[in-house]
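Accompanying notes for the structure given below.
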Amino acid sequence: MSDLEDQSRAAIQKGSKSFAAAAALFDAQTRADAEMLYAWCRHCDDVIDGQTLGHGMSPVADGPARLEALYAHTRAALAGETPTDPVFAAFQTVALRRAIPERYALDMIDGFAMDVAGRRYRTLDELLEYCWGVAGVVGTMMALVMGVKPDDLPTLRRAQDLGLGFQLTNIARDIVEDARNGRVYVPGDWLAELGVPADAVAEPAHRAAVAVLARRLVAAAEPYYASARWGLRDLPVRSAWAIAAARGVYRQIGLDVVAAGDRAWDERVVVSGRMKAWRALQGGLVALRAATLDRRGQAPARPAMWSRI
């Protein structure tokens, strides 16, 4: 394993235990590339959120400057210039090997630009534009890492859908923590409907309403998770297993948030090791079905849902 691969693996193991466990199911090259891509995504997120490997968010005073640096370093890496930062060197390696289009990489940073601007979202469709930037496009790039062709738009849309489902789940889980840090992602129309002021989402008096909002976000994620399952049949079996396992674990987070009701923010909802193991086993069965029964027929048409690609 190269130094870049080793550093990227260490980042994923500290930053996302769920994704690290799923990535272990990939073949060696796919795993290395997925981890290097993840390390860059994690780094960009950390730079904008003032955190370390996804933990300890704190306000940053120089957000626009940090954002411009991310754009500049990413463009330079994609142009073939020699990066001095190992995170961008790792990204360059995987981006050039897997032919990741510049527009996808920049779309992700555009998503973080929305956070820097303090953007709020009135409707679910507006929120999904943000979800594309910080997660949907990541799923799309990961599909390229797994061997999906850049012109295979039906499969890339399914990969996008998984990222959108992940992000809606994350928003549901982190509503209160995000609001305490000045980030409100819940559609403004939903807040108004339930009488929750945008600047009071984190207040305990609104926990019952926040539980309703979280339930709506989790429900909004479900069609995207369902759509994503049909993309598994177009992946190598080991990749399909890894993605099915990750899909199961993240979907479980949303189910647990809903089950906890207004107690979901007493402590952060996490999936137990036993449940992760079960979802990994279940993911293997889903991947096996995708490689056999699902390939014998035509995939159902993707529902008329929001999509960027």
Note to self: Can you tell me how many residues within the stretch 130-176 are in a helix (DSSP H, G or I) and either without any contact (Cβ under 8 Å) to a residue 24 or more places away in the chain or among the basic types (Lys, Arg) (or both)?
What the structure shows: 3
Next item on the list: Grab the helices (runs of 4 or more DSSP H) fully contained in the stretch 1-98, keeping just those with 1 or more residues being open to solvent by 30 Å² or more (accessible area, probe 1.4 Å) and more than 21 Å from GLY133 (Cβ to Cβ).
Entry: 3-15, 17-23, 28-49, 86-98
Next item on the list: Please identify the pairs in which a residue from the stretch 190-207 that is open to solvent by 30 Å² or more (accessible area, probe 1.4 Å) has its Cβ atom under 6 Å from the Cβ atom of a residue that is not in a helix (DSSP H, G or I), counting only partners at least 6 apart or on another chain.
Entry: ALA198/VAL184; HIS206/VAL196
Check: Within the stretch 115-128, can one find any residue that is under 20 Å from the mean Cα position of the chain (by Cα), open to solvent by less than 10 Å² (accessible area, probe 1.4 Å) and free of Cβ contacts under 8 Å to residues at least 60 places away in the same chain?
Finding: no
Checklist line | Complete set of residues in the stretch 231-242 that are open to solvent by less than 30 Å² (accessible area, probe 1.4 Å), of a type in the set (A, V, I, L, M, F, W, C) and assigned to a helix (DSSP H, G or I) | finding: LEU232, ALA240, ALA242
Item checked: Hey, ALA28 among the aliphatic types (A, V, I, L, M), touching a residue at least 60 places away in the same chain (Cβ under 8 Å) and closer than 25 Å to ALA242 by Cα or not -> no
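The values are calculated or read from the model by the stated rules, or taken from the named source; none is laboratory data. Keep in mind the model is a prediction, meaning the values are calculated, not measured. Here Cβ is always computed from backbone atoms with ideal geometry, including for glycine, and neighbour counts include all displayed protein chains. Note: areas computed on protein heavy atoms with side chains; ligands, DNA, RNA excluded. Shrake-Rupley method; radii C 1.70, N 1.55, O 1.52, S 1.80 Å.
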